[in-house]
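Chemist: After the structure tokens below, expect a handful of questions from me.
The values are calculated or read from the model by the stated rules, or taken from the named source; none is laboratory data. Quantities reported herein were computed from a predicted structural model and do not represent experimental measurements. Here the Cβ positions follow ideal geometry from the backbone for every residue, glycine too, while neighbour counts run over all protein chains shown. All accessible areas refer to the heavy atoms of the entire protein, side chains included, with ligands and DNA or RNA removed. Shrake-Rupley method; radii C 1.70, N 1.55, O 1.52, S 1.80 Å.
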Amino acid sequence: MKKSLLSAVLFSLFISFSVNAQVDEEKTGAWYMYFWNTNFGESEWGLQGDIQYRNWDLGGDLEQLLIRGGLTYSPKNADIKFTLGYGNITSGEFGEANETSGENRIYQEALLPHKLSNRFYLTHRFRYEQRWVENQDFRTRYRYNLFLNVPLNQPNLNKNAVYLALYNEIFINGEREIGDGRSVELFDRNRFYSALGYALKDNLKLQAGYMTQITNTVSKGQIQLSLHHTF
């Protein structure tokens, strides 16, 4: 069982695709993010969300502004969390153009955390999205993300933990035709991320890392700075 789990981790973390560049891949982008979640007291219900400001460069050239939030449900005696949520996304064009486009998105998600050995914190995330993208037909997308956190200076991720954070996420389009004779590939994108994290408190963690995002046309690096807050 452990060998099969490790094989799945390695496959997901190091999967890659060949692409042809259409934007300046040499210019490193930057994503600044805040993730939060909370429960309603001792109940099984809660809320979660995130705000992400993404740039094509280190600052100023807007790639995306993403605001997302959802209602969560965590069944008792089960290590799983379900989410029904909504996201609003404003996307900008690469370069000097100031034009933007909008997207509204509903998503359903299942989060399955578990611990492998004494220090390997794994989380599987399955997400299904319904997307209303400006000037496109209705679209859907399937996403799978495998997260791995490894504390380095103590056996847990509580206050003062320094940890390695890795993830790999693959995106698959549900529809190929998007309107007006346009189409997209079945494979949408893949993201591989590695970072160092520090637990400021038991419920507040800071991560700084680097992500490579690969689509059918672009392979581009992004610096990421994120704050993860549970309250």
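Chemist: Considering PHE171, PHE187, which residue is farther than 26 Å from PHE35 by Cα, of a type outside the set (A, V, I, L, M), modelled with pLDDT of 95 or more and open to solvent by less than 50 Å² (accessible area, probe 1.4 Å)? Break it down into steps so the answer makes sense when it comes.
Modeler: Details: PHE171 fails: farther than 26 Å from PHE35 by Cα.
Exactly one of PHE171, PHE187 is farther than 26 Å from PHE35 by Cα, of a type outside the set (A, V, I, L, M), modelled with pLDDT of 95 or more and open to solvent by less than 50 Å² (accessible area, probe 1.4 Å), namely PHE187.
Chemist: Let me ask something additional. From the residues in region 205-219 that are in contact with a Leu (Cβ under 9 Å, 6 or more places away or on another chain) and open to solvent by 50 Å² or more (accessible area, probe 1.4 Å), which one is farthest from ASN190 (Cα to Cα)? Show your work before the answer.
Modeler: Applying the first criterion (in contact with a Leu (Cβ under 9 Å, 6 or more places away or on another chain)) to region 205-219 yields 205-209.
Among the residues that remain, those that are also open to solvent by 50 Å² or more (accessible area, probe 1.4 Å) are: 206, 208.
Working: LEU206: 23, ALA208: 19 Å.
Filtering first and then ranking leaves LEU206.
Chemist: Report, by residue number, each residue of region 208-231 that is in a strand (DSSP E or B) and farther than 30 Å from ASP137 by Cβ.
Modeler: The initial filter retains those residues of region 208-231 that are in a strand (DSSP E or B), namely 208-215, 219-230.
Once the filter is applied, which keeps residues that are in a strand (DSSP E or B) and farther than 30 Å from ASP137 by Cβ, region 208-231 yields ALA208, GLY209, TYR210, GLY221, ILE223, GLN224, LEU225, SER226, LEU227, HIS228, HIS229, THR230.
Chemist: Now for a different question. I'd like the full set of residues that are surrounded by fewer than 16 Cβ atoms within 10 Å (Cβ to Cβ) and among the hydroxyl-bearing types (Ser, Thr, Tyr), limited to region 190-204. Don't jump to the end; show me each part of the working.
Modeler: Applying the first criterion (surrounded by fewer than 16 Cβ atoms within 10 Å (Cβ to Cβ)) to region 190-204 yields 196, 198, 200-204.
If the condition is that a residue be surrounded by fewer than 16 Cβ atoms within 10 Å (Cβ to Cβ) and among the hydroxyl-bearing types (Ser, Thr, Tyr), then TYR198 is the only one that fits.
Chemist: Tell me the strands (runs of 3 or more DSSP E) entirely within region 93-207 that contain at least 2 residues that are over 19 Å from the mean Cα position of the chain (by Cα) and among the aliphatic types (A, V, I, L, M).
Modeler: Values: elements: 100-116, 120-133, 139-151, 162-173, 177-179, 187-201.
The strands (runs of 3 or more DSSP E) meeting that bar are 187-201.
Chemist: Can you confirm whether TYR86 is in contact with a Phe, Trp or Tyr (Cβ under 9 Å, 6 or more places away or on another chain) and farther than 23 Å from ARG189 by Cβ? Steps first, please.
Modeler: Values: in contact with a Phe, Trp or Tyr (Cβ under 9 Å, 6 or more places away or on another chain): yes; farther than 23 Å from ARG189 by Cβ: no.
So TYR86 fails the test.
Chemist: Taking the residues in region 26-81 that are open to solvent by 60 Å² or more (accessible area, probe 1.4 Å) and of a type in the set (D, E, K, R) as candidates, determine which candidate is modelled with the lowest pLDDT.
Modeler: Out of the qualifying residues, it is GLU26.
Chemist: Given THR90, THR83, which one is closer than 29 Å to THR217 by Cα, of a type outside the set (A, V, I, L, M, F, W, C), part of a strand (DSSP E or B) and under 18 Å from the mean Cα position of the chain (by Cα)?
Modeler: Working: THR83 fails: closer than 29 Å to THR217 by Cα.
After applying the criteria, what remains is THR90.
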